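Below is one structure; the comments refer to it alone.
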Amino acid sequence: MIFDINLFYFVAIPAVILYGVAKGGFAGPIAVVGVPLMSIVVSPLQAAAIMLPILCLQDVIAVLSYRRKFHYKNLQTLLPGALLGIIAGTLWFRYLSDDLIRIFIGIISIAFVLNYLIIKESIRPLKVSYLRGTLFGSLSGFISFGIHAGGIPFNMYMYPQKLDQKVLAGTAAIFFAIVNYIKVIPYFLLGQLNFENLITSLILMPFAPLGFLIGYYLTHRVNERLFYSVAYLCLFFVGLKLLYEGIVNIL
């Protein structure tokens, strides 16, 4: 239940726009702050339920915009694992502490960025891997089910391949469109898509295309090296934020 309407929309509107910017293809990790931001005023489960229909709308726009630029083999490696992750999330996510999940995401995010900074000068682009794709796809599906933060494991798998940023954006668009529409089924069965949440989603939906247009514009105007630098920077600070929040709340 939303107790403070004004405060809720004060944080929810920026969250929706940030998700849209990421869906537009620019620095996907920034979207991970969306549900935690909304969780200031509502429960994480309600925040995730409100966001899902909005993400589904953004997915349609993203797929239509990037439908000719995606990496098919990466989708083959990621999607089977993502399905397993969604199933695991459906069965177990509600029993896990939100703060433990924040700590987990924070640690892997920071470790990933530090590893990149240490070896970036010598490393060659990694190739597609069914083993790594299944692993990170599973993590992405699981985390996406709970707090729509599947972009972090997805990017951890995709960034080291150093693909063209438009191909990366297109692959992400198709991957998360499939993941989010699959999530509608368990969300509905678990009663999270109730009348109140759906009405709130409807009110917030006009802000979804705005965020997407901003992200789409930046993706097509910003230098690729700068694009990846911003993406890693966002990932690092989001990781710090989640790690700090999780530890403070537990203590």
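The values are calculated or read from the model by the stated rules, or taken from the named source; none is laboratory data. These numbers were taken from a predicted model, which means no experiment stands behind them. FYI the Cβ positions are ideal-geometry reconstructions off the backbone, even for glycines, and counts take in every protein chain you see.
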Complete set of residues in region 242-251 that are surrounded by fewer than 18 Cβ atoms within 10 Å (Cβ to Cβ) and either under 20 Å from the mean Cα position of the chain (by Cα) or closer than 24 Å to Ile50 by Cα (or both): Tyr244, Glu245, Asn249
Do you know which residues across region 145-165 are part of a helix (DSSP H, G or I), buried (at least 24 other Cβ atoms within 10 Å of the Cβ) and among the small types (Gly, Ala, Ser)? Gly151
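Tell me the residue from Ala111, Ala88, Ala82 that is surrounded by fewer than 21 Cβ atoms within 10 Å (Cβ to Cβ), part of a helix (DSSP H, G or I), at pLDDT 75 or above and in contact with a Gly (Cβ under 8 Å, 6 or more places away or on another chain), please.
Numbers: Ala111 fails: in contact with a Gly (Cβ under 8 Å, 6 or more places away or on another chain); Ala82 fails: surrounded by fewer than 21 Cβ atoms within 10 Å (Cβ to Cβ).
When all the criteria are applied, what remains is Ala88.
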Regarding region 212-219, can at least one residue be identified that is closer than 19 Å to Met38 by Cα, of a type in the set (Ser, Thr, Tyr) and either at pLDDT below 90 or surrounded by fewer than 19 Cβ atoms within 10 Å (Cβ to Cβ) (or both)? no
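Okay, residues lined up against (1) under 30 Å from Leu210 (Cβ atoms); (2) among the hydroxyl-bearing types (Ser, Thr, Tyr):
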{"site": "Asn74", "(1), (2)": "yes, no"}
{"site": "Thr77", "(1), (2)": "no, yes"}
{"site": "Ile105", "(1), (2)": "yes, no"}
{"site": "Asn115", "(1), (2)": "no, no"}
{"site": "Arg124", "(1), (2)": "no, no"}
{"site": "Val128", "(1), (2)": "no, no"}
{"site": "Gly133", "(1), (2)": "no, no"}
{"site": "His148", "(1), (2)": "yes, no"}
{"site": "Asn155", "(1), (2)": "yes, no"}
When you look at Tyr232, is it under 15 Å from the mean Cα position of the chain (by Cα), in a helix (DSSP H, G or I) and either farther than 20 Å from Ala47 by Cα or of a type in the set (Gly, Ala, Ser) (or both), yes or no? yes
Has region 122-129 got at least one residue that is among the small types (Gly, Ala, Ser), over 18 Å from Val238 (Cβ atoms) and either surrounded by fewer than 19 Cβ atoms within 10 Å (Cβ to Cβ) or without any contact (Cβ under 8 Å) to a residue 12 or more places away in the chain (or both)? yes
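Given the structure, is Leu163 without any contact (Cβ under 8 Å) to a residue 40 or more places away in the chain and farther than 30 Å from Leu190 by Cβ? Break it down stepwise before answering.
Numbers: without any contact (Cβ under 8 Å) to a residue 40 or more places away in the chain: no; farther than 30 Å from Leu190 by Cβ: yes.
When the stated conditions are applied, Leu163 does not pass them.
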Counted residues, region 166-211 - those being crowded, with 22+ Cβ neighbours inside 10 Å, over 15 Å from Cys56 (Cα atoms) and among the hydrophobic types (A, V, I, L, M, F, W, C): 2
From Phe93, Phe104, grab the single residue that is surrounded by fewer than 18 Cβ atoms within 10 Å (Cβ to Cβ) and assigned to a helix (DSSP H, G or I). Phe104
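Residues of region 114-149 being aromatic (Phe, Trp, Tyr) and modelled with pLDDT of 75 or more, which ones?
At the first step, the residues of region 114-149 found to be aromatic (Phe, Trp, Tyr) are 116, 130, 136, 142, 145.
Listed by number, the residues that qualify are Tyr130, Phe136, Phe142, Phe145.
Every residue, every condition in (1) at positive phi; (2) touching a residue at least 60 places away in the same chain (Cβ under 8 Å); (3) of a type outside the set (S, T, N, Q), yes or no:
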{"residue": "Pro206", "(1), (2), (3)": "no, no, yes"}
{"residue": "Pro209", "(1), (2), (3)": "no, yes, yes"}
{"residue": "Gly215", "(1), (2), (3)": "no, yes, yes"}
{"residue": "Thr219", "(1), (2), (3)": "no, yes, no"}
{"residue": "Arg225", "(1), (2), (3)": "no, no, yes"}
{"residue": "Leu243", "(1), (2), (3)": "no, yes, yes"}
Any chance you could count how many residues in region 4-51 are surrounded by fewer than 24 Cβ atoms within 10 Å (Cβ to Cβ), within 24 Å of Tyr157 (Cα to Cα) and modelled with pLDDT of 85 or more? 0
So how many residues does region 166-197 have that are under 25 Å from Trp92 (Cβ atoms), part of a helix (DSSP H, G or I), more than 17 Å from the chain's Cα centre (by Cα) and hydrophobic (A, V, I, L, M, F, W, C)? 3
